[in-house]
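Nothing in this text is a laboratory measurement; each read-out follows from the coordinates by a stated rule. Just so it is clear, the model here is predicted, and its values are computed rather than measured. With ideal geometry, Cβ positions are generated from the backbone for all residues, glycine too; neighbour counts draw on all protein chains shown.
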């Protein structure tokens, strides 16, 4: 047995960071947390679900802001993915900072692939801060609605994830998938 065979291989962890799809601003009296998706948002969520399914990005756990628009984004994604992993509504993810989002992620245990659904500007800051090298995509830093980054980590559990430790595998926005 060689030295590399003596050392157990650490599991590969993936994080999908997704901003909610486009929400409806038609009722100004509706509280922000209760805003649903609009038609464009529902279409974008379907496209992103199809993209995730086609790439094999299937979450084992979903950490989601309790806002109506993030929950609806997940409902549509899950229909396209044909999967029903545990969904954890995390109140701290509602308009969270990147630091708060990382704290929530640290509690994800040993689930191999985690999808985190949240809001800007926190989700963009989280993606940028976790990436060793940000992707060159012109929309990455502004992180439009329904944008998703997939990062890989060489860690033993999510508590070990830290700033600058993720390798960007993919980044997509719905507008580019509509072709």
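Yes or no: the range 125-144 includes at least one residue that is in a strand (DSSP E or B) and closer than 25 Å to residue 37 by Cα.
Within the range 125-144 (the criterion being in a strand (DSSP E or B) and closer than 25 Å to residue 37 by Cα), the answer is no, since none of the residues qualifies.
Give the residues of the range 60-119 that are more than 25 Å from residue 12 (Cβ to Cβ), over 13 Å from the mean Cα position of the chain (by Cα) and not in a helix (DSSP H, G or I), sorted by residue number.
Result: 66, 67, 89, 94, 95, 96, 97.
Which one of the conditions (1) surrounded by fewer than 22 Cβ atoms within 10 Å (Cβ to Cβ); (2) without any contact (Cβ under 8 Å) to a residue 60 or more places away in the chain does residue 62 fail to meet, given that it meets all the rest?
(1)
Which one is surrounded by the most Cβ atoms within 10 Å (Cβ to Cβ) among residues in the range 159-179 that are within 26 Å of residue 107 (Cβ to Cβ) and in contact with a strand residue (DSSP E or B) (Cβ under 7 Å, 6 or more places away or on another chain)?
If we take residues in the range 159-179 being within 26 Å of residue 107 (Cβ to Cβ) and in contact with a strand residue (DSSP E or B) (Cβ under 7 Å, 6 or more places away or on another chain), then 166 is surrounded by the most Cβ atoms within 10 Å (Cβ to Cβ).
Of all the residues that make up the range 65-84, how many are touching a strand residue (DSSP E or B) at 6+ places or on another chain (Cβ under 9 Å), buried (at least 17 other Cβ atoms within 10 Å of the Cβ) and over 22 Å from residue 163 (Cβ atoms)?
Summing the residues that are touching a strand residue (DSSP E or B) at 6+ places or on another chain (Cβ under 9 Å), buried (at least 17 other Cβ atoms within 10 Å of the Cβ) and over 22 Å from residue 163 (Cβ atoms) in the range 65-84 gives 11.
Quick check on the range 127-140. Is at least one of its residues without any contact (Cβ under 8 Å) to a residue 60 or more places away in the chain and surrounded by 22 or more Cβ atoms within 10 Å (Cβ to Cβ)?
Scanning the range 127-140 turns up no residue that is without any contact (Cβ under 8 Å) to a residue 60 or more places away in the chain and surrounded by 22 or more Cβ atoms within 10 Å (Cβ to Cβ).
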